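**Q** First the structure, then my questions, so here it is.
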Amino acid sequence: MSRTVSSWILSSARNSIILQGRGRLYSIFIPNRNSIKWKLVFSKTHLYPAGSCSLDNIFSLQRAFRHTSTEEEQLSFQLSPSQINDILRAGELSHKILALNGKNANSVLKFESNQLASNTPIEDRRSAATCLQTKGMMFGVFDGHAGSACAQAVSERLLHYIAISLMSRQTLEEIEVAVECMKPILPILQWHKHPNDVEYREITPQYFENLRVYWQHLLDLDADPGFSLEEAMTCAFKRLDSDISLEVQAPQENELMRNIALQVAFSGATACVAHVDGVHLNVANTGDCRAVLGVHEKDGTWSALPLTRDHNAFDESEIRRLKREHPRSEEKTLFINDRLLGILMPSRAFGDVQLKWSKELQHSVLENSCDVEALNIYQYVPPNYHTPPYLTAEPEVTYHKLRGKDKFLVIASDGLWEMLSNEKVVKLVGEHLTELSVQKPQLAFQKPVNLGYMHSLLLQRKTRGIASLDQNIATHLIRHAIGSNEYGEVDQEKLAAMLTLPEDLVRMYRDDITITVVYFNSETIENYYRNN
């Protein structure tokens, strides 16, 4: 590691201040997209209103180094290329849709996903599943804040709520009868998971019971719900958030279950879920995760079509919505320093009951709980907290009818979009797709070849840089997000530095990054239009 890169990282950090809230660091550095200048921004949540922190809560970076180092020479950023690859590829997940009779009638060809942690443990989550009782596939990315508990719960439960919302009355009745008779129920989803994906096994029975209460509610309706996809996704988002709120209020004798419910409700998560069925693509988004479509134009160029908008203080529609929902006397305090009530970056999220419940309810629930400080839960009521709820999990649902030129969909947490623009992400995926298609014929041997010929091919690959090409596109995007220099090229020294930053520092430079890229089957999509 050159002194230039290490000095650049340390000097940018040492000139900063850090807000400390109950033992957590809440400030981060995010690189500007087109330069290596660094600016101070805040993490998604902090326990003090922006601008009102006392001097006791401000300290220099040297103090933050107490568990790592105070001298530049003591920081080691040395990683070999293979070590870099091992770190970047650890969270890779890919799934190709199986062809039937040599043909793939699914509009989804495959998906590739990856994660890179900044927080310890990572607060992002992801989900992917095939719907077994209805049609389609679902893909979700969930960005947690104030811990991973809420994102974990939402990643396990939300796709089930959407699938249940889409079922016919007859299917729901069959499932209810099976449960009533204690018989195996029809499988609802086929999950596509990474071996290291975690789940709350201890609380799964309770989650199932609450899901059952939801489908019983749907059966109690006078007529078949007959939800459209937009209605189903909206209803599922809102119902799950309501259940998260009610579960923590219900009496619970089991301490572990009680603690999980508390952590889920008092942390938060944004969510972006895509449902793909044939040429029909629906994306439900709440918060600041993002879904962007990659479009291959006739002239060979790539264009980015955003299917979501970030719900935060920079979105005029969100500002107008919140002003409509609260008295005029609160207009100037709804957003303070570009945060909801000076606390939260996204203006929509699951959990975060501190911004949804009354002061009295918050006090009652926490007062009757055990040691909430051990769970990193603290009651903090902003000074301008008058007319809750200020936060909602209601999603904005976008519909798009897929065309032959729509090649892929990128769903990612804001850790990616803070580093790379929509256009840059689509260009990287498009170029990677082209490079892989060019690469394949050169490695397809029709007859036996000698070692000399194979050696020649390997040298050609090395010269063109193909040997190091990531097979998983999400890994390729992460590599560029954290390792690109001002010219848009991956700088190996910067990449190594960003991957070896001490725990006390890493959150200052990058957020958790979670990416899922869904590739569409152009042939299937074009056949749809030919047949219709």
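**Q** Using only the Cα atoms of the stretch 336-383, build the gyration tensor, take square roots of its eigenvalues as a ≥ b ≥ c, and label the shape rounded, prolate or oblate: rounded if a/c is under 1.5, else prolate if a/b is larger than b/c, else oblate. Walk me through the numbers before you get to the answer.
**A** On the way: a/c = 2.13, a/b = 1.88, b/c = 1.14.
In terms of gyration-tensor shape, prolate.
**Q** Counting other C-beta atoms within 10 Å, and keeping those with at most 15, which DSSP coil GluC sites (Glu not before Pro) do you find in the stretch 476-532? It would help to have the intermediate numbers written out before the result.
**A** Values: sites: Glu486, Glu489, Glu493, Glu503, Glu523, Glu526; in loops: Glu486, Glu489.
Answer by residue number: Glu486, Glu489.
**Q** Please calculate how many Å² of accessible area the stretch 213-324 carries per residue, with a 1.4 Å probe and no DNA, RNA or ligand atoms counted. All intermediate terms of the calculation are to be shown ahead of the outcome.
**A** Numbers: 4630 Å² over 112 residues.
So the stretch 213-324 comes to 41 Å² accessible per residue, rounded to a whole number.
**Q** Here is a follow-up. Can you list the residues, at least 5 places off or on another chain, whose amide H is less than 5 Å from the amide H of Leu341, using H built in the peptide plane?
**A** HN-HN under 5 Å from Leu341: Phe335, Ile336.
**Q** Roll a 1.4 Å probe over the protein chains and send me the accessible area per residue for the stretch 339-435 in Å².
**A** On the way: 3540 Å² over 97 residues.
About 37 Å² of surface per residue is accessible.
**Q** Using Cα pairs closer than 8 Å and at least 6 residues apart in sequence, work out the relative contact order for the stretch 145-283, in percent. Please list the in-between numbers first.
**A** On the way: 108 pairs, mean separation 61.0, N = 139.
Relative contact order of the stretch 145-283: 44 percent.
**Q** Next up: When the Kirkwood hydrodynamic radius is evaluated over all pairs of different C-alpha atoms of the stretch 288-388, what value in angstrom, to one decimal, is obtained?
**A** On the way: mean 1/r = 0.0612 Å⁻¹.
Computed over the stretch 288-388, the radius equals 16.3 Å.
**Q** Moving on. Once amide H atoms are built 1.01 Å from N in the peptide plane, which residues 5 or more positions from Glu123, or in another chain, come under 5 Å H to H?
**A** Ser118
**Q** By how many nm would the segment from Asn384 to Gln190 lengthen if fully extended, with 0.36 nm per residue of separation less the alpha-carbon distance? Walk me through the intermediate numbers first.
**A** Details: separation 194, 0.36 × 194 = 69.84 nm, distance 4.55 nm.
Between Asn384 and Gln190, full extension yields an extra 65.3 nm.
**Q** Same structure, new question: Pick out, in residue order, every one of the GluC sites (Glu not before Pro) in the stretch 176-272 that is DSSP loop and has at most 11 other C-beta atoms within 10 Å; say none if there are none.
**A** Numbers: sites: Glu176, Glu180, Glu199, Glu202, Glu209, Glu230, Glu231, Glu247, Glu253, Glu255; in loops: Glu199, Glu253.
Here the GluC sites (Glu not before Pro) that fit, given the DSSP loop and packing criteria, are Glu253.
**Q** What pairs from Lys96/Lys238; Lys135/Lys356; Lys96/Lys193 go past 23 Å between their alpha carbons?
**A** On the way: Lys96/Lys238 32 Å; Lys135/Lys356 35 Å; Lys96/Lys193 13 Å.
In this structure, Lys96/Lys238; Lys135/Lys356 exceed 23 Å between Cα atoms.
**Q** Here's another thing I want to ask about it. Scan the stretch 327-362 for GluC sites (Glu not before Pro) in coil per DSSP, keeping those whose Cβ has at most 16 other Cβ atoms within 10 Å, and list them by number. List each step's numbers first, then the result.
**A** Details: sites: Glu330, Glu331, Glu360; in loops: Glu331.
Hits after loop and neighbour filter: Glu331.
**Q** Treat every Asp and Glu Cβ in the stretch 316-382 as -1 and every Lys and Arg Cβ as +1, leave all other atoms uncharged, and give the resulting dipole magnitude about the Cα centre to the nearest 20 debye.
**A** Details: 10 positive and 11 negative charges, 91 e Å.
Computed charge dipole of the stretch 316-382: roughly 440 debye.
**Q** Which order do Asp315, Asp220 take when ranked by solvent-accessible area (1.4 Å probe, heavy atoms of all protein chains), largest first? Walk me through the numbers before you get to the answer.
**A** Details: Asp315 25, Asp220 120 Å².
Ranking Asp315, Asp220 by accessible area, largest first, yields Asp220, Asp315.
**Q** Return the long-range amide H neighbours of Thr392 (sequence gap of 5 or more, or a different chain), with a cut-off of under 5 Å between placed amide H atoms.
**A** Ala349
The values are calculated or read from the model by the stated rules, or taken from the named source; none is laboratory data. Here the structure is a predicted model, which is why all the values come from computation and not from measurement. As a convention, Cβ positions derive from the backbone with ideal geometry for all residues, glycine included, and neighbour counts pool all protein chains shown. Surface accessibility is based on the protein's heavy atoms, side chains included, excluding ligands, DNA and RNA. Shrake-Rupley method; radii C 1.70, N 1.55, O 1.52, S 1.80 Å.
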